[in-house]
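One structure is given here, and the rest of the page talks about it.
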Amino acid sequence: MRRAGTAFAVAFLAALAGCRGDPGPGAETVALVHGLGRSPASMIVLEERLEQEGFAVARVGYDSRGADFGEQVQAVRRAVEKCCAQSSRIHFVGHSLGGLLIRGYLAETRPERLGRVVLLAPPSAGSLLVDRLQEFPVALEALGPVGSALGTDSTDLPATLPPPDYEIGIIAGNLSINPIGTLAIPGPDDGIVGVAETRIDGVPTVVLPVTHTFMMNSPLAARAVVQFLRTGNFGEASIRAN
């Protein structure tokens, strides 16, 4: 029964994934990678805003709770091969776990026309919330094999990824609608990930008044994404927010 459910989930995600806009010659394409427990549908609002700005979009769908990290990275690779073959530049935007998948993919494969990368609330240094869930095996199991490996230990997934050596920016949130998560995380947080947990040494980071769950729907975050994809910096928004 569980195997049938997994097969259905994979088929559903495959149907949602794919190319949007015109990924023909000269197009700049943005590969959008959703987060844990979500689907490509969670990125539709951001997708529409990117299309309004003239970008083509490649939706990446993957099994965030059932697949292992290698299988998830393969989903990114398939989307890039399918949707970006003729693109003039290939950008990446990932939410939460999606940001780690992008880093995992780029550690293995570097597209010849790689553009810029924006990570939305990534657990770059691991998640203290996942650490706390070690005391609750049922909750931890619900995260799946990759989600349960997002802790802060040196053997957990975030610590195993190499530092990025490409143009990359991070958008963190400091607005929480999750009091339980906020209690587990010291300092400002978005309810799931602490601002300090998102950071990577040397990587420009902007902190916005947005929540983890709905960050990708925020016009403010969308403007910051477009700004970085266009220029490689967050401009005045970064100065004000940090």
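The values are calculated or read from the model by the stated rules, or taken from the named source; none is laboratory data. The model shown is predicted, which means the values in this text are computed figures rather than measured ones. Positions of Cβ are generated from backbone atoms using ideal geometry, with glycine treated the same way; all protein chains shown enter the neighbour counts.
No other residue among Ile102, Ile90 is in a strand (DSSP E or B) and of a type outside the set (Lys, Arg) apart from Ile90.
Based on this model, can you work out whether Asn217 counts as at pLDDT below 95, surrounded by fewer than 21 Cβ atoms within 10 Å (Cβ to Cβ), closer than 25 Å to Thr182 by Cβ and not aliphatic (A, V, I, L, M)? Taking the combined requirement at face value, the residue does not satisfy it. Among the conditions (1) surrounded by fewer than 17 Cβ atoms within 10 Å (Cβ to Cβ); (2) without any contact (Cβ under 8 Å) to a residue 24 or more places away in the chain; (3) among the small types (Gly, Ala, Ser), the only one that Gly191 does not satisfy is (1).
The lone criterion from (1) within 17 Å of the chain's Cα centre (by Cα); (2) closer than 26 Å to Val207 by Cβ left unmet by Ile177 is number (1).
Among residues of segment 216-231 that are closer than 15 Å to Ile44 by Cα, those with a Cβ under 9 angstrom from a residue that is assigned to a helix (DSSP H, G or I) and of a type in the set (Ser, Thr, Tyr), sequence gap 6+ or separate chain, pair up as Met216/Ser42; Asn217/Ser42.
In segment 133-144 there is at least one residue matching the filter, namely being under 29 Å from Ala184 (Cα atoms), surrounded by fewer than 24 Cβ atoms within 10 Å (Cβ to Cβ), in contact with an Asp or Glu (Cβ under 9 Å, 6 or more places away or on another chain) and at pLDDT 95 or above. Against the test of being in a helix (DSSP H, G or I), among the hydrophobic types (A, V, I, L, M, F, W, C) and without any contact (Cβ under 8 Å) to a residue 12 or more places away in the chain, the options Val146, Val130, Val138 yield a single qualifying residue, Val138.
Annotation: Ile44 fulfils all but one of (1) assigned to a helix (DSSP H, G or I); (2) closer than 20 Å to Gln227 by Cα; (3) over 16 Å from the mean Cα position of the chain (by Cα); the unmet one is (3).
Residues that are at positive phi and surrounded by fewer than 23 Cβ atoms within 10 Å (Cβ to Cβ): does segment 170-182 have at least one? No - not one qualifying residue is present in segment 170-182.
The residue that is nearest to Val226 (Cα to Cα), among those in segment 58-89 that are β-branched (Val, Ile, Thr) and buried (at least 24 other Cβ atoms within 10 Å of the Cβ), is Val60. Going by what's in this entry, would Pro158 be described as at pLDDT 95 or above and surrounded by 19 or more Cβ atoms within 10 Å (Cβ to Cβ)? Here the answer is yes, as Pro158 does meet what is asked. The set of residues in segment 24-57 being touching a Lys or Arg at 6+ places or on another chain (Cβ under 9 Å), buried (at least 22 other Cβ atoms within 10 Å of the Cβ), farther than 13 Å from Phe92 by Cβ and touching a residue at least 60 places away in the same chain (Cβ under 8 Å) is empty. Mind checking whether some residue in segment 50-65 is part of a helix (DSSP H, G or I) and out of contact with any Gly (no Cβ under 6 Å at 6 or more places or on another chain)? Within segment 50-65 (the criterion being part of a helix (DSSP H, G or I) and out of contact with any Gly (no Cβ under 6 Å at 6 or more places or on another chain)), the answer is yes, since at least one residue qualifies.
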